[in-house]
Amino acid sequence: MTGIQDRLRRAVDAGFARQVAFLSDLVRFPSVRGQEAPLQDWIARQLADRGYSVDRYTLADVDMFNLPGFSPVMDTDYTRAVQVVGAKRATPPTGRSLILQGHVDVVPTGPVELWTHKPFDPVQRGDWLYGRGAGDMKQGVASMIFALDAIAAAGLEPAADIYVQTVTEEECTGNGALSTLARGYRADAVLIPEPTDGTITRAHVGVMWFRLRVRGVPVHVAQAQAGSNAIMSAFHLIQALQRHTASLNAAARSDPWFGGIPDPIKFNPGVIRGGDWASSTPAWCEVDCRIGLLPGVTLESAREGVERCVAEASRAEGFLANNPPDLIWNGFQADGYVLEPGSEAERVLAEAHRCVFGAAMEERRSTAVNDTRFYGLYHRMPALCYGPRGENHHGFDERAHLPTLRQTTLAIACFIAEWCGVRDA
Ligand SMILES: [Zn+2]
């Protein structure tokens with residue numbers, strides 16, 4: 001380790017108790033979709049206290065509907081979707097600029113009684129901190145802010161412009177990340193510390209959300225043969241989509257990035273509503289679905305595949321043939337992304353990782369989406385998805401691994417020091 005790395009290590013260690021307390025504060029905010037504003041306002045104050053100039057705005061303030069990567073939304077109030085960008089500009093800048101970005105939205109908890117501890121009441125047990133969002137990705141948000149804190153505590157400052165962005169909508173559209181680009185923020189590289197357990201995300205699949213709206217004919221179940229059951233019709237469509245997914249996965253075996261991963265395309269009927277009465281055939285059913293697509297496959301062709309599947313399955317069912325379902329593209333319309341090997345940003349990160357962990361930075365291929373696509377695919381900025389270790393993301397007893405968080409924070413601080421350059425503050 002060089003002298004600077006040694007100073008950074010001491011600073012990260014000295015600040016780590018405060019970092020864990022900061023992470024606990026983040027987890028205490030129940031920042032599910034539509035309820036992120038109190039947390040974002042809190043973070044905006046934290047950044048202002050640290051000397052960042054803060055740009056706080058909402059998604060309703062930004063014109064981005066025609067930009068590549070925009071995802072349509074229904075039933076969501078964007079006047080409450082607060083985004084935060086903290087900037088520290090170097091005068092004069094002599095190094096390479098950097099965006100550090102993390103999402104603060106979390107997914108719903110599911111039945112709270114099935115958690116060991118209350119999901120928004122963070123608890124530390126041994127090496128782990130528990131809570132919804134602790135892993136994905138509030139610990140990453142803490143790591144990027146405290147990596148920069150460590151640089152300051154070591155008496156240093158980055159020699160290039162730094163942007164710390166906390167966004168929402170990562171779990172449903174990506175429109176938070178898109179808004180920062182619509183607002184003009186650019187840099188020579190981007191780091192998103194999602195919980196990758198010290199691996200670099202070489203490629204991620206794309207994701208599309210859609211809603212199936214299926215009708216039926218309500219009759220007394222005593223005469224069920226005279227009616228039509230919307231829930232059973234939806235079930236018929238779900239089975240057809242499962243077969244469609246199987247054929248996509250068969251074709252994926254020859255994909256250059258995902259060929260070695262079994263069934264990289266995941267289809268998930270995630271929310272279902274329908275019917276009004278157990279003794280009436282249901283007149284309606286809605287299913288919210290998610291399906292993946294490989295990098296390089298266009299959203300348009302993936303949508304056509306789903307539409308064809310639903311149309312063919314509908315033609316094969318008596319009632320649906322004459323009453324086809326509505327298919328509504330609502331939420332994620334997200335391209336896949338490949339971080340092309342060989343960028344200077346990745347080389348610098350790999351070196352920082354090796355210094356801290358004493359091992360090479362491995363790569364992973366993700367069957368979920370992340371925000372790197374906006375920077376890398378549409379703006380040609382090298383976008384690195386690399387962060388600490390978590391478990392049970394989107395599940396019960398989600399948790400962050402604190403020893404890895406400490407090391408990752410140091411690795412990010414070392415990366416910033418090398419990428420941006422540092423000088424005495
Ligand atoms: Zn995440």
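The set of residues in region 175-230 being open to solvent by 30 Å² or more (accessible area, probe 1.4 Å) and in contact with a helix residue (DSSP H, G or I) (Cβ under 8 Å, 6 or more places away or on another chain) consists of Arg186, Asp188, Asp197, Arg215, Val217, Val219. Residues being under 28 Å from Gly184 (Cα atoms) and touching a residue at least 60 places away in the same chain (Cβ under 8 Å) are entirely absent from region 396-407.
The residue list Ala413, Ala334, Ala383 contains one member that is under 21 Å from Phe16 (Cβ atoms) and modelled with pLDDT of 95 or more, which is Ala413.
Candidates in region 1-58 are the residues that are among the acidic types (Asp, Glu) and not in a helix (DSSP H, G or I); of these, the one that is farthest from the chain's Cα centre (by Cα) is Asp55. Among the residues here, Thr76 does not qualify as within 16 Å of the ligand (Cβ to nearest atom) and of a type in the set (Ser, Thr, Tyr). Cys355 meets the conditions (1) crowded, with 17+ Cβ neighbours inside 10 Å; (2) assigned to a loop (DSSP other than H, G, I, E, B) in every case but one. The failed one is (2). I'm checking my understanding of the structure. Among residues of region 175-185 that are out of contact with any strand residue (DSSP E or B) (no Cβ under 8 Å at 6 or more places or on another chain) and farther than 19 Å from Gly336 by Cα, which one is farthest from the ligand (Cβ to nearest atom)? Going through the qualifying residues, I end up with Gly184. Check whether at least one residue in region 166-174 is touching a residue at least 60 places away in the same chain (Cβ under 8 Å), open to solvent by 20 Å² or more (accessible area, probe 1.4 Å), in contact with a Lys or Arg (Cβ under 8 Å, 6 or more places away or on another chain) and within 16 Å of the ligand (Cβ to nearest atom), and report yes or no. Yes, because at least one residue in region 166-174 is touching a residue at least 60 places away in the same chain (Cβ under 8 Å), open to solvent by 20 Å² or more (accessible area, probe 1.4 Å), in contact with a Lys or Arg (Cβ under 8 Å, 6 or more places away or on another chain) and within 16 Å of the ligand (Cβ to nearest atom).
Of all residues in region 388-404, those satisfying the criterion of being away from the ligand (no atom under 15 Å from the Cβ) and either in a helix (DSSP H, G or I) or within 16 Å of Thr116 (Cβ to Cβ) (or both) are Phe396, Asp397, Leu402, Pro403, Thr404.
Scanning region 373-391 for residues that are more than 12 Å from Glu346 (Cβ to Cβ) and crowded, with 24+ Cβ neighbours inside 10 Å turns up Arg373, Phe374, Tyr375, Gly387, Pro388, Gly390.
Scanning region 336-352 for residues that are over 15 Å from the mean Cα position of the chain (by Cα) and surrounded by 17 or more Cβ atoms within 10 Å (Cβ to Cβ), which turns out nearest to the ligand (Cβ to nearest atom)? Don't jump to the end; show me each part of the working.
Here is the first cut: in region 336-352, the residues over 15 Å from the mean Cα position of the chain (by Cα) are 338-352.
Within this subset, residues satisfying the condition of being surrounded by 17 or more Cβ atoms within 10 Å (Cβ to Cβ) are 338-339, 345-346, 348-350, 352.
Numbers: Val338: 19, Leu339: 16, Ala345: 20, Glu346: 20, Val348: 23, Leu349: 18, Ala350: 22, Ala352: 21 Å.
Selected residue: Leu339.
Looking at Leu384, is it of a type in the set (A, V, I, L, M, F, W, C) and part of a strand (DSSP E or B)? When the stated conditions are applied, Leu384 passes them.
Among strands (runs of 3 or more DSSP E) lying entirely in region 98-148, which contain 2 or more residues that are more than 11 Å from the ligand (Cβ to nearest atom) and open to solvent by less than 30 Å² (accessible area, probe 1.4 Å)? Before the answer, list the steps.
Numbers: elements: 98-103, 123-125, 128-130.
Result: 98-103, 128-130.
Check Tyr163 against each of (1) away from the ligand (no atom under 16 Å from the Cβ); (2) farther than 15 Å from Asn268 by Cβ; (3) in contact with a Pro (Cβ under 7 Å, 6 or more places away or on another chain) and name the one condition it does not meet. With respect to (1) away from the ligand (no atom under 16 Å from the Cβ); (2) farther than 15 Å from Asn268 by Cβ; (3) in contact with a Pro (Cβ under 7 Å, 6 or more places away or on another chain), Tyr163 is out only on (3).
For region 357-387, filtered to residues that are of a type in the set (Phe, Trp, Tyr) and farther than 16 Å from Pro295 by Cα, the residue that is nearest to the ligand (Cβ to nearest atom) is Tyr386. On the given criteria, is Ser233 hydroxyl-bearing (Ser, Thr, Tyr), at pLDDT 95 or above and within 21 Å of Arg315 (Cα to Cα)? It is true that Ser233 is hydroxyl-bearing (Ser, Thr, Tyr), at pLDDT 95 or above and within 21 Å of Arg315 (Cα to Cα). Would you call Ala246 buried (at least 17 other Cβ atoms within 10 Å of the Cβ) and of a type in the set (Gly, Ala, Ser)? When the stated conditions are applied, Ala246 does not pass them.
The values are calculated or read from the model by the stated rules, or taken from the named source; none is laboratory data. These numbers were taken from a predicted model, which means no experiment stands behind them. All Cβ positions, glycine included, derive from the backbone under ideal geometry; neighbour counts span all protein chains shown. For accessibility, only protein heavy atoms count, side chains too; no ligands or nucleic acids. Shrake-Rupley method; radii C 1.70, N 1.55, O 1.52, S 1.80 Å.
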